[in-house]
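Read through the structure below, which is laid out as structure tokens, and then see the notes.
Quick note: the coordinates plus some simple rules give every number you see, no bench work behind them. Small disclaimer: the values here were computed from a predicted structure and weren't measured. Glycine gets a Cβ as well: all are built from the backbone with ideal geometry, and neighbour counts include every protein chain shown.
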């Protein structure tokens, strides 16, 4: 998923996406042990998607703190 698409989503949608990706990732890792994964690069893509979403959520949480910190100076 592109970063622009992710930034356009609400925080709730992003949290749901994280849970969905983690479920898929668990299933793929489990299948990888039994050598039945058709596309092993999917694991890497899911890990990166989770990291991107967590980064966006972190930026959203820190943005209000930065705005108030700048107003105090």
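List of remarks:
- Taking the empirical scaling 2.2 N^0.38 Å for compact globular proteins as reference, the chain has a Cα radius of gyration ratio of 1.45.
- Compared with the direct C-alpha span, the chain from residue 47 to residue 13 gains 10.5 nm at full extension, assuming 0.36 nm per residue.
- FRET efficiency, 1/(1 + (r/R0)^6) with R0 30 Å, evaluated for residue 31 and residue 1 via beta carbons: 0.85
- Nearest-ten-degree value, helix 41-72 long axis tilted from longest Cα axis of the chain: 10 degrees
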